[in-house]
Amino acid sequence: MSTEDIVKRCEQLFEDLDFNAVKQWKAAQPGRKAIGYMPIYVPREIVHAAGMLPVGVFGGGDQLEVIQGDAYYQSYICRIPRSTIELGLTGRLDCLDGMLFPSICDVIRNLSGMWQILFKDKYVKYFDVPQDYADGVGGKFYIHEMQAMRDDLGKLAGKPISDEDLNKSIAVYNENRKAVRELYAYRALKPWQAPTSEVYLVLRAGCVLPPEEHTVLIRDYISETDKVKRPQRDNARVVLNGSFCEQPPLGLIKSIEMAGCYVVDDDFQLIQSWLLDEVPVTGDPLDELSKAFLHRSAQTASKYDDKKEDKGKHLLRQVSSRGAEGVIFAMASFCDPALLERPMLQDVLTKHKIPYTAFKYAENTGQLAPIREQAGTFADSIKLWSAA
Amino acid sequence: MSTVIAGKDPKKKEVIKEDAMWLQKELINRNYHEIATAHQNGRKISATFVPGNLNELLMCFDFARRLPETDALQNGLRKKSGKMILEAERDGHSEDVCTYVKTDLGMMLQGQLGPTGEPMPNPDLLLLSYTGCFTFMKWFELVRQKYNCETVMLHTPYQGDGKISPAMRKYVVDQLKDKVIPAMERISGKKFDIDLLRQYMKESVKAEEDLVRVLQTAKHRPSPIDGYFGAVYYIGPMFTAFRGVPEATKYYRVLREEVEARMRAGKGPITPEGDMAEEKYRLVVEGPPNWTSFREFWKMFYDEGAVVVASTYSKVGGVYDFGFRHDPDHPLESLADYCLGCYTNLNFPQRIDMICKYIDEYQADGLLINSIKSCNSFSAGQLLILREVEKRTGKPAAFIESDLVDPRYFSGANIKNRLESYFQMIKQKRTAAASAAAVH
């Protein structure tokens, strides 16, 4: 497949709010089950080891008309829970046999209980993750949480999940994460060859494709896009931060690029790069997943920073390792974790003399001109004054 | 007993309060003074949150105890919060986020004077008791970032499955042993004495027992208390720096005697304008109150003869009315259970069950939700609560919106209109039910 074909396929998957790819996967073998998960992180390895398809549910985007979902939320709540409810109530998520609600914020947490009430016949799990990072304390609790999910999914699958199954799935996801890292590294090296509007779609395909297939797709994209040279522009290299839950519309990503920015790192699909290196596949699988989470995972607003000096370290690392010249904070309106985190990250950037700009969006934001203007001004200011 | 006090401004009306309320005011003012002078007196200051407040434990180390949420609400009641919020927004904080946080940060930016006008020194320990609200975590990270205070996290897992598992309890206890207590020892320079903790807990139990009795008098007709506007005074000592303090035990004994005497006399609640005349409507309220126009808000109820017989907000710092008490025989496990059981740490089905139970046991006419912009922990999903409660109880429910301490989000006229329509609806339902009963 050519780059164009790959991107086209990913775009179709992205736009398909009926989750037909999931339905097809299930139909290919009777008895197959699929489990949805919301941002930002769940150990998909456990779902995969149960023989099920983990499906990322990242709201309804800008193509879904939210009618019923709005009846459940006040105007000051972000959009992702209302569009997710809309997807559920309109039957679009019927193909899912369960939903996982990770510990990210009060809104998603409460949505887990709403799901229990609205979709009584489905498996629903609020998946808590520790904010204490000691192996003997938070680690023990986290292993217990994972074990509970493992038991539940084993029952749903009709057979227990063995350590061997889990280690195999960890290996599959290690490979997937490796491919994601390769894609990020490639984009940072040649952002004109891998625009973020395409990279984003390639990553989003991982929400509905089996990980093995997604890994191949990522690598195909890298190899295909590298074959046809594209024009290199004198754009500003930026890291995009704060879009880890409700996703910006694709048009917004394109607008940032059109305004003269190369996005060289981001947190759109944090789950795919959450664990920063390989999880060993020879030990106790839950123990290894726990250690990876506690000691070798990304920093984000929903995760507690033990020490003041840790704040912003991951972002600074992204900036330096990707050779970025500035940071764009793009956060969903009413996103408590991101918006409360932002002033702290801005302080860190100021101390390190890294320029930044900030704006808010909703997944259905249609007015992109102001954002394009702001991003353009930011890119110009970097190019004109930063290095000088 | 109740006391009348004339306002400083002769044009202002006299305010009537129960004697226990005056006792409480004294406690609060004294605590602010203790905080202001703590460092001069060689004491360390802790700050922590109302849900998951480990007051007895903090007392074991002689911390002067600050609760930034109550600082913010006190500033709201005193009409100071609006400017503080603007100050924080000018400093880069989003208009979308919690106004308690911004009031606290704004207060610091304005020179760190507390609600009573006394200095509010930096805390030495931020006990990040992370119960039922994600914003708490960011709040103390923000305070730490600006003022360099030491922060200790106590992560309380959420009751996603509607129960407290042994693993959840163990996780909280392990954190207390592994991190929280050692940090308190280090910062305060005092060794932990578990027997002292037990002793404080024994005091807590007495006060908890009396608080529950007070809140449950609202089952009586007429209710001698308002379980929302009045209850925010009643829960004050228990939810803040006084649980486990003998003065708090005394406060609750006095309060209980006063309230039971009112009940025996067939009296309704004391409002700021005196005894409530006639009880026309009995309501259950979900959600915190608005603080900046608290008196105006309350008046909309008592003017119409509406009394709140039970509220979920009065359980935000601990749910005691279903049997939980601090247990001196199992002190750390009991602290864990307390944190795990706070209202906003309950899942949605549990919250709905609780409200339905209140409507039934307190013979309420319906449910009113005061949805607070600042507080997603309470507010996200409340419209489903409304539907479910209506469906299960057959009682009418209504929805109003305001904010905790942001005066920009309190629209008195709108709220009054909605309340009047709601009371009208209850009346019509009652008339219809009575007619139907007469026909049969």
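The values are calculated or read from the model by the stated rules, or taken from the named source; none is laboratory data. Everything quoted here is computed from the prediction, not taken from an experiment. No Cβ is skipped: glycine too gets one built from the backbone with ideal geometry, and neighbour counts run over all protein chains shown.
Failed condition for A:Gln29, given (1) outside any loop (DSSP other than H, G, I, E, B); (2) more than 25 Å from A:Cys335 (Cβ to Cβ), with all others met? Every listed condition holds for A:Gln29 apart from (1). Against the test of being in a loop (DSSP other than H, G, I, E, B) and of a type in the set (A, V, I, L, M, F, W, C), the options B:Ala364, B:Ala336 yield a single qualifying residue, B:Ala364. I'd like to check something: does the range B:177-188 contain any residue that is more than 17 Å from the chain's Cα centre (by Cα) and either more than 30 Å from A:Pro130 (Cβ to Cβ) or among the small types (Gly, Ala, Ser) (or both)? Yes, that holds for at least one residue. Restricting attention to the range B:81-120, the residues that are of a type outside the set (Ser, Thr, Tyr), surrounded by 18 or more Cβ atoms within 10 Å (Cβ to Cβ) and more than 14 Å from chain A (Cβ to nearest Cβ) total 7. Helices (runs of 4 or more DSSP H) fully within the range B:176-254 that include at least 3 residues being of a type in the set (Val, Ile, Thr): B:194-216. One residue stands out in the range A:207-249 among those that are free of Cβ contacts under 8 Å to residues at least 40 places away in the same chain and within 16 Å of A:Val55 (Cα to Cα): the one that is nearest to the chain's Cα centre (by Cα), namely A:His214.
Output the residue which, of all residues in the range A:118-137 that are at the interface with chain B (Cβ under 7 Å from one of its Cβ atoms) and out of contact with any Gly (no Cβ under 9 Å at 6 or more places or on another chain), is surrounded by the fewest Cβ atoms within 10 Å (Cβ to Cβ). For the range A:118-137, the residue satisfying everything is A:Ala134. Taking the numbered list (1) under 19 Å from the mean Cα position of the chain (by Cα); (2) more than 16 Å from B:Val205 (Cα to Cα); (3) not basic (Lys, Arg) in turn, B:Ala265 passes all entries but (1). Specify which of the listed residues (B:Tyr281, B:Tyr251) is modelled with pLDDT under 95 and surrounded by 17 or more Cβ atoms within 10 Å (Cβ to Cβ). After ruling out the rest, the residue left standing is B:Tyr251.
Screening the candidates A:Gln318, A:Gln346 for the property of being modelled with pLDDT of 95 or more, surrounded by fewer than 24 Cβ atoms within 10 Å (Cβ to Cβ) and within 10 Å of another protein chain (Cβ to nearest Cβ) yields one hit, A:Gln346.
Let's see how each residue does on (1) crowded, with 19+ Cβ neighbours inside 10 Å; (2) small (Gly, Ala, Ser):
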{"site": "B:Trp139", "(1), (2)": "yes, no"}
{"site": "B:His155", "(1), (2)": "yes, no"}
{"site": "B:Gly162", "(1), (2)": "no, yes"}
{"site": "B:Pro182", "(1), (2)": "no, no"}
{"site": "B:Lys190", "(1), (2)": "no, no"}
{"site": "B:Leu197", "(1), (2)": "yes, no"}
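Taking the condition over 20 Å from B:His220 (Cβ atoms), of a type in the set (A, V, I, L, M, F, W, C) and not in a loop (DSSP other than H, G, I, E, B), does B:Phe324 pass? When the stated conditions are applied, B:Phe324 does not pass them.
Looking across the range A:288-326, just one residue is in a helix (DSSP H, G or I), touching a Lys or Arg at 6+ places or on another chain (Cβ under 9 Å) and within 20 Å of A:Leu339 (Cβ to Cβ), and that is A:Lys308. Quick one: A:Lys140 ticks every box in (1) among the basic types (Lys, Arg); (2) within 10 Å of chain B (Cβ to nearest Cβ); (3) in contact with a strand residue (DSSP E or B) (Cβ under 7 Å, 6 or more places away or on another chain) except a single one, so which number is it? Answer for A:Lys140: the failing condition is (3).
For A:Lys159, state whether it is basic (Lys, Arg) and within 23 Å of the chain's Cα centre (by Cα). Answer is no for this residue. None of B:Val205, B:Val212, B:Val172 is β-branched (Val, Ile, Thr), touching a strand residue (DSSP E or B) at 6+ places or on another chain (Cβ under 8 Å) and at pLDDT 95 or above except B:Val172.
In this structure, A:Asp62 qualifies as more than 14 Å from every other protein chain (Cβ to nearest Cβ) and either more than 24 Å from B:Pro157 (Cα to Cα) or among the basic types (Lys, Arg) (or both). If only residues of the range B:20-60 that are within 23 Å of B:Leu128 (Cα to Cα) and of a type in the set (Asp, Glu) are counted, the one that is surrounded by the most Cβ atoms within 10 Å (Cβ to Cβ) is B:Glu56.
Against the condition within 17 Å of A:Ile117 (Cα to Cα) and basic (Lys, Arg), how does B:Arg392 come out, does it pass? Against the criterion (within 17 Å of A:Ile117 (Cα to Cα) and basic (Lys, Arg)), B:Arg392 qualifies.
Summed over the range B:258-288, the residues that are of a type outside the set (D, E, K, R), under 28 Å from B:Phe378 (Cα atoms) and part of a strand (DSSP E or B) give a count of 6. Applying a threshold of 7 Å to beta carbon distances and a minimum spacing of six or more residues, or different chains, the list of pairs starting in the range B:133-161 at a residue that is more than 9 Å from chain A (Cβ to nearest Cβ) and ending at one that is among the hydroxyl-bearing types (Ser, Thr, Tyr) and part of a helix (DSSP H, G or I) is empty.
Each residue in the range A:180-212 was checked for being closer than 21 Å to A:Ser320 by Cβ and in contact with a helix residue (DSSP H, G or I) (Cβ under 7 Å, 6 or more places away or on another chain), and 8 of them qualify. Only a single criterion out of (1) buried (at least 22 other Cβ atoms within 10 Å of the Cβ); (2) in contact with a Pro (Cβ under 7 Å, 6 or more places away or on another chain) is not satisfied by A:Arg187, namely (2). Residues in the range B:382-424 that are part of a helix (DSSP H, G or I) and of a type in the set (Lys, Arg): B:Arg387, B:Lys391, B:Arg392, B:Arg408, B:Lys416, B:Arg418.
The set of residues in the range B:361-386 being within 11 Å of another protein chain (Cβ to nearest Cβ) and touching a strand residue (DSSP E or B) at 6+ places or on another chain (Cβ under 8 Å) consists of B:Ile369, B:Ser371, B:Ile372, B:Lys373, B:Phe378, B:Ser379, B:Gln382, B:Leu383, B:Ile385, B:Leu386.
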